[in-house]
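Data block below; observations after.
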Amino acid sequence: MSQMLASPYTVFAVNLAIDVLLKATIVLAIAGLASWYLRGASAAMRHAVWSVALGSLLILPLLSASLPAWRLEPLYVSVEVEASATSDDAVLYRGSAEDDVPAAALRTSDALQASHAKALRSERGEAAVTPARTAERASAGPSAASIALLIWVVGVLALLARLGFDTLRVHGITRRAQEPRSTDVCALAQELAASLGVRHRVRLLVSEEVAVPLTWGVRVPVVLLPQAMTTWSMERKRIVLLHELAHVARFDYAVLLMVEVACAIYWFNPLVWLAARLNALERERACDDHALHVGVRSDVYATHLFEIACAQVVGRTPRGAFAMAHPSSLAQRFRSILARGLDRAPISQRQLLSASLTALAVAFPLASVEMWGGMQEGDPVAMRVRELQDDDPLIRRHAAWALGELESTRGVRPLVERLRDDDADVRLVAAWALGEIKDYMAIQPLIERLEDEDPLVREMAVLSLGEIEHPAAVSALSEALQQHEQLREPVIWALGEIGGREASAARAAVFAEWGRNPWDNDEVWTGRLGSDAARSLARDASALIAALRDDDPSMRRSAAEWLGIAGEERAVDPLLDTLRDPEPPVRAMAIWALDEINPSRHHWR
């Protein structure tokens with residue numbers, strides 16, 4: 001738990017939440033303005049506006065995390081993290097690793113990186129970071145970001161649990177309810193359902209546990225009528241069924257669930273609760289309008305609605321169903337019912353599609369605008385992007401790996417720039433990281449690296465193009481193979497990952513030219529998992545790291561595999577060194593292990 005609280009990914013999650021909160025506020029403000037502008041339109045139209053706006057809040061986090069970020073460059077640059085953070089990170093990593101890893105396992109490059117980081121701090125007048133300071137930081141307790149994230153998660157779970165409990169409660173009432181004994185009610189329900197265009201089955205039940213009509217369910221909607229229904233006039237039965245079946249025809253229950261989930265996720269935003277309340281009010285007005293639109297007199301409808309509301313017992317209506325008469329909205333509904341000259345027409349499919357497309361047209365560009373996350377010092381992407389500019393190639397290499405594991409598209413452009421780094425190891429890891437992120441913007445830069453002067457950078461560019469799995473790389477891969485024979489097996493693997501008719505034909509042609517029968521893709525390059533050579537060392541991370549330098553290639557490959565299985569973060573730099581192993585199977589397993597050692601996964605265990 002302490003690892004989770006101290007993780008920079010927690011800060012990233014909080015920054016994303018703040019960014020999405022700001023965007024959600026803008027979406028709801030736009031919906032409010034649209035609703036005000038449409039105040040002369042039908043309630044069904046305003047309900048559609050609020051429903052689409054609340055629904056778009058559910059996709060905002062996904063879009064904000066996945067779409068390329070648009071940011072104002074001066075704002076982004078002005079809040080970059082302090083330069084000392086880069087050096088401190090490097091020494092913290094080394095300090096924790098050196099205590100456990102024997103001297104034989106520490107590479108010369110490790111010592112160079114630590115000494116260079118010390119020199120940088122000395123030049124800047126900074127104090128050295130000792131293991132004692134490291135331990136002090138680790139035990140400092142949860143950060144504000146961690147506490148905020150924990151409180152948010154608890155709130156979400158509590159609200160979803162409440163919704164689940166209420167749904168189970170309504171389900172229990174439904175299970176105990178009975179079919180109406182009056183055939184005229186069933187016949188009336190069938191007639192009205194047909195007139196409203198309801199083509200799927202609707203269950204009509206009577207229950208002693210409800211005081212007002214309730215409707216719930218998506219696949220098989222259920223209309224629950226109170227036991228007092230037996231004393232109602234046929235006029236009241238018709239009005240009630242018109243209102244409840246209008247919910248079914250409009251698929252209001254699916255919208256209700258969507259709104260409840262949005263309220264659970266954004267429970268800390270009062271505007272979301274206000275939007276949900278207005279959505280519910282317009283929903284009931286729209287169903288009232290359904291009844292008035294087919295000819296029911298407004299004064300008669302209002303009288304029956306009032307008498308039904310008076311019969312409601314003390315206690316709340318479960319959130320798992322609609323209640324026809326909710327006391328909090330009756331006054332506003334009465335004014336709407338009795339008003340003259342209002343538009344009471346139901347919304348058309350064309351209008352609904354128009355509202356949905358408008359919401360998407362707002363949500364996509366808004367989600368791409370980076371309003372908060374990239375400007376925070378705790379943002380791990382911003383930290384690693386800055387580290388890519390460090391003078392030390394080892395720090396740049398480690399930052400490239402970290403950006404690959406973060407898999408944020410915000411790291412694509414900086415990594416593409418590192419593909420032209422003077423240090424071949426940085427170019428190598430940058431190519432690997434772009435394959436992890438899998439953004440199409442990286443395809444052409446990776447194709448250009450197929451002619452890199454370093455053969456292993458060329459190989460990594462091939463593998464990353466395979467990871468991206470886009471057919472645009474097929475012809476370039478085939479041409480690269482004609483120029484560099486040693487790329488045969490990586491190209492075969494990449495073509496197998498891309499798939500499709502063109503890639504499969506090119507792959508078959510390579511095998512035919514080679515004079516071999518086609519193999520499965522894992523046999524061509526990565527080999528199958530389950531090596532036994534280093535199994536006896538599986539519980540000793542230090543020994544596994546040392547085994548990466550063993551004379552036996554099978555031991556080195558097995559050690560890389562077990563380090564990946566263990567998710568051992570101390571092995572990152574040794575595995576990055578292993579990307580230059582002379583044996584392709586060892587390099588392939590190092591690539592796999594570097595992907596498995598993902599802090600964003602292990603911090604949440």
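The values are calculated or read from the model by the stated rules, or taken from the named source; none is laboratory data. Since the model is a prediction, treat every value here as computed from it, not as a measurement. FYI the Cβ positions are ideal-geometry reconstructions off the backbone, even for glycines, and counts take in every protein chain you see. Please note that ligands, DNA and RNA were not included when accessible areas were found on the heavy atoms of the full protein model with its side chains. Shrake-Rupley method; radii C 1.70, N 1.55, O 1.52, S 1.80 Å.
With every protein chain present, what accessible area does HIS47 have (1.4 Å probe, heavy atoms only), rounded to the nearest 10 Å²?
Approximately 10 Å² of HIS47 is accessible to the 1.4 Å probe.
With every protein chain left in place, what is the accessible area of ARG587 in Å² (1.4 Å probe, nearest 10)?
20 Å²
Determine the shape class of the stretch 417-471: with a ≥ b ≥ c the square roots of the Cα gyration tensor eigenvalues, call it rounded for a/c under 1.5, and otherwise prolate if a/b is greater than b/c, oblate otherwise.
Taking the square roots of the gyration eigenvalues as a ≥ b ≥ c, the stretch 417-471 is prolate.
Is the C-alpha gyration tensor of the stretch 468-562 telling us rounded, prolate or oblate? Criteria: a/c under 1.5 is rounded; beyond that, a/b larger than b/c is prolate, otherwise oblate.
prolate
Go ahead and run the numbers for FRET between ALA508 and SER66, Cβ-Cβ distance against an R0 of 41 Å, rounding to 0.05.
Efficiency, from the Cβ-Cβ distance: 0.75.
Quick one: pull the percent of accessible area on the stretch 202-259 belonging to carbon and sulfur, 1.4 Å probe, ligands and nucleic acids left out.
Exposed carbon and sulfur together represent 57 percent of the surface.
Taking only protein heavy atoms into account and a 1.4 Å probe, give the accessible area per residue of the stretch 377-472 in Å².
Using a 1.4 Å probe on heavy atoms only, each residue of the stretch 377-472 averages 34 Å².
Under the classification rounded if a/c is under 1.5, otherwise prolate if a/b is larger than b/c and oblate if not, where does the stretch 348-485 fall, given a ≥ b ≥ c as square roots of the Cα gyration tensor eigenvalues?
oblate
Within 10 Å, count the other beta carbons around each residue, average over each peptide in 473-486, 456-469, 433-446, and list them highest first.
Averaged packing, sorted descending, gives the order 456-469, 433-446, 473-486.
Enter the accessible area per residue of the stretch 242-305 (Å², integer; probe 1.4 Å; all protein chains in place).
34 Å²
Would you tell me the accessible area of CYS310, worked out with a 1.4 angstrom probe on the heavy atoms of the protein chains, in Å² to the nearest 10?
Rounded to the nearest 10, that gives 90 Å².
Considering only protein heavy atoms, with the full assembly of protein chains and a 1.4 angstrom probe, order ASP550, ASP520 by accessible area, largest first.
Output order, biggest surface exposure first: ASP520, ASP550.
Working with all protein chains in place, sort MET383, MET229 by solvent-accessible area computed with a 1.4 Å probe, largest first.
Descending order: MET383, MET229.
Suppose accessible area is computed on protein heavy atoms with a 1.4 Å probe; arrange PHE511, PHE251, PHE334 from highest to lowest.
Solvent-accessible surface, decreasing: PHE251, PHE334, PHE511.
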